Each structure stands twice: as C-alpha cells, then as structure tokens.
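The values are calculated or read from the model by the stated rules, or taken from the named source; none is laboratory data. On a predicted model such as this, the values are computed, not experimentally measured, just so you know. When we count neighbours, we look across all protein chains shown, and the Cβ atoms used for this are built from the backbone with ideal geometry, even at glycine.
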C-alpha cells in the first residue's frame, strides 16, 4: 500500500511536467483500478456471462492503452513519460502485460481476452464486439505493409474467414460492418493464394472476387475501396 501511494504521489507530481503525454497519472491509475476490478470478476465463480464481460473489458481497456502507446511510438520512437512507463510496468506486474511484436516494433492486440470472452459466452451481449475486435486484432497484427503477405498458418487463416463470415451475417452498424466486409475480402484473397489444395484456392478466389465487387458497390466512397483493384490484380496474376 505504501509503495502504491508513493508511486501515485510521484506520478501526480510529474503530471504538470508531462501534461502533453497521452497517458496521464490519473488515467494510469484508472486503468490499473479497472484491471484489478475486472481480473477479480474474471477469476470469480460468477456466471459465464459475467466472466465473459470481465474478459472483454480487460481486452478493450488494453486496446485503448495500446492505441495511445503506439501513437507515442510513431511520434517519438519510444514510450514517453513516467505515467506511460509506469502503466506498462504495472500491467505486467498485475498479470495483464501488453502484447508486443518485436518484428512490427509496436504493441499488438491482446486477442486472448476476446477469445476467452467468446468461449465463455459465444452469443452473449459482448460477443459481436468481441468478435470484431478479435478479427481486427488478428488481421492488422498479421502483416507489416502488404496484407496479402501475412505471416500466419493456414488453420489460423481458415478460422479468421469463418469468423469474418459469421460477423458479416450479423446486424453490424457503420464502420464495423464496412471493416468486416473489407477484411473478409482480403482474407479470401489470401486464401486463394495460400489454401492447401487447388480446389480450395479456386473457391476462395471466386469468393474474393465476389467480395471485392460487393464492397465496391456497397461502399463506393470509402477510402478502403482503393485496395479493391489491387486485390483484383493480385487474383488475376494468380
């Protein structure tokens, strides 16, 4: 308790000097309080839906922290400020470390929390959002610059396609719906290049072309539409 109070006091004292930091002393403490709260629920004997909620909340909170820290990395090349560094260290100490990719040189999605939330309550109130976050995390963390040159085994890619198709059939709204369709088109294009047999490659190639045409018709003004001709060209070469 004394250690936590001393660190909190030091963070508050540093707040004025680090007011430009994306993570402040106050927000660092709030994130840690949330972590302890949801970890306790996740480890309890509460009903599965409650534990699923806890897993989802931890994952969503780490997503928020990850995005802030990656903005720091993009701007400065390292995590800036005492509050940010304190938060990273304390999350590790509390058993909720932020995922890190040495290859990508950035923090990645802690997908295990969304996987666990779906495992506990596959049709629960957080299931759709957990599925979208899981799809996004696995997708964007699977490549550096070329989405067709992903570093993932075929079974994982097949799982992602099933997840994308399941989500596309749900009542998604706004950007989530567009992004699921966008990722789905790319996943089918990947599968047309990497499926283990010729029949599967042809099937995924057909589905990729259908997904591309549907995306262009449904979202003609989207910036993501610029990727569709690139996918079509890659399919043509294959």
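Scanning segment 78-88 for any residue that is within 27 Å of residue 221 (Cβ to Cβ) and buried (at least 16 other Cβ atoms within 10 Å of the Cβ) turns up nothing. If only residues of segment 76-92 that are assigned to a helix (DSSP H, G or I) and in contact (Cβ under 8 Å) with a residue 60 or more places away in the chain are counted, the one that is nearest to residue 38 (Cα to Cα) is 91. Taking segment 202-220 as the range and being closer than 15 Å to residue 179 by Cβ and either assigned to a loop (DSSP other than H, G, I, E, B) or not assigned by TED's automatic domain parsing to the domain that holds residue 188 (or both) as the test, only 219 passes.
One residue alone among 3, 36 is out of contact with any strand residue (DSSP E or B) (no Cβ under 8 Å at 6 or more places or on another chain), more than 22 Å from residue 134 (Cα to Cα), modelled with pLDDT of 95 or more and exposed (fewer than 15 other Cβ atoms within 10 Å of the Cβ), and that residue is 36.
Of all residues in segment 102-109, one or more are crowded, with 19+ Cβ neighbours inside 10 Å, on the phi < 0 side of the Ramachandran plot and either touching a helix residue (DSSP H, G or I) at 6+ places or on another chain (Cβ under 6 Å) or modelled with pLDDT of 95 or more (or both). Answer yes or no as to whether residue 46 is farther than 17 Å from residue 101 by Cα, assigned by TED's automatic domain parsing to the domain that holds residue 23 and assigned to a helix (DSSP H, G or I). So residue 46 does not fit the description; no.
For segment 206-225, enumerate the residues that are under 25 Å from the mean Cα position of the chain (by Cα) and under 19 Å from residue 195 (Cα atoms). Answer for segment 206-225, where residues must be under 25 Å from the mean Cα position of the chain (by Cα) and under 19 Å from residue 195 (Cα atoms): 207, 208, 211, 212.
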